[in-house]
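Okay, structure first, notes after.
Since every read-out is calculated from the coordinates, none of them should be taken as a lab result. All values derive from a computational prediction rather than experimental measurement. Here the Cβ is made from the backbone with ideal geometry for all residues, glycine too, and neighbour counts use every protein chain on show.
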Amino acid sequence: MNMAQERGLTGKEINSQRMNKEPITDVAIRFQDCDPFGHLNNARYMDYFINVREDHLAEQYNLDIYERQKRLNTNWVVSNTKIAYISPVFFRETVSIQTKLIAHTSGSLLMEGVMRDKNRHHIKSIIWIKFTHFDLANKKTIQHSDELMKLFDKISMVGISTENFDLRVKEMIAPPATIERTDSSKFI
């Protein structure tokens, strides 16, 4: 099986130099996903993040996880989530959802999702979802293939600490720090 078959590619090969590691999609919030007050129901946030990530995998990396599942009988299952609800999201509101791979091992992936207002100025929610690679026929966790590891190496963000979710959220929502320079001759 070649790399294209392993990844479940849907067509054209990808130029790895042009991979967007932080794709963004605008999404309208639907009535059925809201509570009686018109707020996006807390339980539905994860659905929006996962649906957008699935689209990003197919559109940005030609990785069709369902086509791959049909052929190989493997996929990823959610094994852990951490979410911060920062600002309410309302019925018919358009939000921008950005997803990115922030860590990967031989058997798991850690995705970060950020939901912002349509102008992308204000963060509404941040989520970390850990996916574990799983053999559906044998009902056990499995290792990623070399081809998948190469793809994950290319698209994974470097330099994001995955040690403390709460600290990451604080860093992301904090206003930019003001830099005071006491010696104008020093740049750094």
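Which links in K150/K170; K140/K170; K70/K140 stretch past 28 Å when you go from one Cα to the other? Numbers along the way, then the final one.
Values: K150/K170 32 Å; K140/K170 36 Å; K70/K140 17 Å.
K150/K170; K140/K170, as the Cα separations exceed 28 Å there.
Near K118, which lysines are there with a Cα under 19 Å away, not counting those fewer than 8 places off in the same chain?
Cα-Cα hits under 19 Å: K100.
Can you compute the modelled spin-label distance between D135 and A174, with each label point 7 Å from Cα toward Cβ, in nm?
According to this spin-label approximation, the distance is 4.5 nm.
Please compute the net charge surrounding I129, taking Lys and Arg as +1 and Asp and Glu as -1 over other residues with Cβ under 13 Å from its Cβ.
Details: positive: R53, K82, K100, K130; negative: D47, E54, E112.
Charge balance in the 13 Å sphere: +1.
Residue-wise, which Karplus ³J(HN,Hα) couplings in Hz belong to the stretch 126-134, taking 6.51 cos²θ - 1.76 cosθ + 1.60, θ = phi - 60°, and x for glycine or proline?
Each residue of the stretch 126-134 in turn: 10, 9, 10, 10, 9, 10, 10, 6, 9 Hz.
Rounded, prolate or oblate: which one fits the stretch 24-173, using the alpha carbon gyration tensor with axes a ≥ b ≥ c (rounded when a/c is under 1.5, else prolate when a/b beats b/c, else oblate)? Please list the in-between numbers first.
Details: a/c = 1.96, a/b = 1.54, b/c = 1.27.
In terms of gyration-tensor shape, prolate.
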